[in-house]
Amino acid sequence: FVRCARDRTWQAVLAPRGRGKSEVFKGIQVYVVLKGLVRFPLAVAATTDLAKRLYDDFKRKLANNEKLADDFPEVCYPIRALEGAPQRASRQHIDGQLTNIVWTGDYIRLPDVPGSPYGGVKMTYYGLDAAFRGANIDGDRPDFIGIDDPETRESAKSIGQIADRESILLQDIVGLKSQEQNLAIIVLSTAQNRYCLSFRLADPKQFPAFSGERFGKIVKWPKNMEAWDTYIALRHADQEAGDRLL
């Protein structure tokens, strides 16, 4: 993922639920920004509400994480100085110079601080359940699109919704690329079935540009399946007898 951000390439990764994909995604958002690899990440998810959770997590980390504050005071302390009141942003200054920080519910701009490379870094979010309106802000376009699960359980079953989301991704979102630079796109998801958008994006034959990778829940089946079947039978017997441990 870091390589994608640095080289402005595309990557689709398919993994089972319960493997911490969303937490990895949230960490990636912060890392690629503070590493200086991207200046305008766009958080995308299946719905607007889910995308906003990714956005809000990014904000919380910058506002509340003590380790980040120690390492990146030029980013975190101006945010803390707002004391949870975004309306103070328009008046915030350092030695008489406005920091131009924006810290709202749907858009942020990191502060201009002397010597800081992060001034002007932006972030917003978008849900694939809403009409796409573009994301050009103050003449800047996103340079990093992070998509955490592009589908809901319901949309992954609907051929029409699958087609709509594919169109949004391949036309509207990919179309955010400027003439001056390429666009990094990461898709981290779980397949609902074998015809859903997530499964197809991770298929190198259908979408080779996304360099798809798939990780299964079962790495390797046991060699002695009879012994495994015996274990399962004994486990079920214990559960029927009242053992509530899973």
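Restricting to region 1-28, and then to whatever is without any contact (Cβ under 8 Å) to a residue 12 or more places away in the chain and either among the small types (Gly, Ala, Ser) or closer than 16 Å to Phe144 by Cα (or both), can you tell me which residue is surrounded by the fewest Cβ atoms within 10 Å (Cβ to Cβ)?
Among them, the one singled out is Gly18.
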| Ser167 vs. criteria in a loop (DSSP other than H, G, I, E, B) and either out of contact with any helix residue (DSSP H, G or I) (no Cβ under 8 Å at 6 or more places or on another chain) or open to solvent by 60 Å² or more (accessible area, probe 1.4 Å) (or both) | no
| remark: From the option list Phe215, Phe207, single residue qualifying as more than 21 Å from Ala43 (Cβ to Cβ) and open to solvent by less than 90 Å² (accessible area, probe 1.4 Å) is Phe207
| query | Among the residues of region 70-83, is there at least one that is surrounded by fewer than 16 Cβ atoms within 10 Å (Cβ to Cβ) and at pLDDT below 95? | reply | yes
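Could you tell me whether any residue of region 188-211 is charged (D, E, K, R), at pLDDT 90 or above and either under 21 Å from the mean Cα position of the chain (by Cα) or at positive phi (or both)? Give the derivation first.
So the first thing to find is which residues in region 188-211 are charged (D, E, K, R), and the list is 194, 200, 203, 205.
Imposing the further condition that a residue be at pLDDT 90 or above reduces the set to 194, 200, 203, 205.
Imposing the further condition that a residue be either under 21 Å from the mean Cα position of the chain (by Cα) or at positive phi (or both) reduces the set to 200, 203.
Yes.
Which one is nearest to Lys52 (Cα to Cα), of the residues in region 98-111 that are open to solvent by 60 Å² or more (accessible area, probe 1.4 Å) and modelled with pLDDT of 95 or more?
Asn100
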| said: With the structure loaded, tell me whether Glu180 is crowded, with 22+ Cβ neighbours inside 10 Å and either touching a residue at least 24 places away in the same chain (Cβ under 8 Å) or not in a strand (DSSP E or B) (or both) or whether it fails that test. | reply: no
| request: Output the qualifying pairs, or none if there are none: Cβ atoms under 6 angstrom, residues six or more apart or on different chains, first residue in region 212-241 and outside any helix (DSSP H, G or I), second residue modelled with pLDDT of 85 or more and acidic (Asp, Glu). | output: Gly212/Asp203
| request: Please go through region 197-211 and pick out each residue that is closer than 10 Å to Leu14 by Cβ, of a type outside the set (Asp, Glu) and outside any helix (DSSP H, G or I). | output: Ala202
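The values are calculated or read from the model by the stated rules, or taken from the named source; none is laboratory data. Note that this is a predicted model, so its numbers are computed, not measured. Glycine also receives a Cβ, built like all others from the backbone with ideal geometry; neighbour counts cover every protein chain displayed. The protein model used for the area step is the full one, side chains on, heavy atoms only, and it has no ligands, DNA or RNA in it. Shrake-Rupley method; radii C 1.70, N 1.55, O 1.52, S 1.80 Å.
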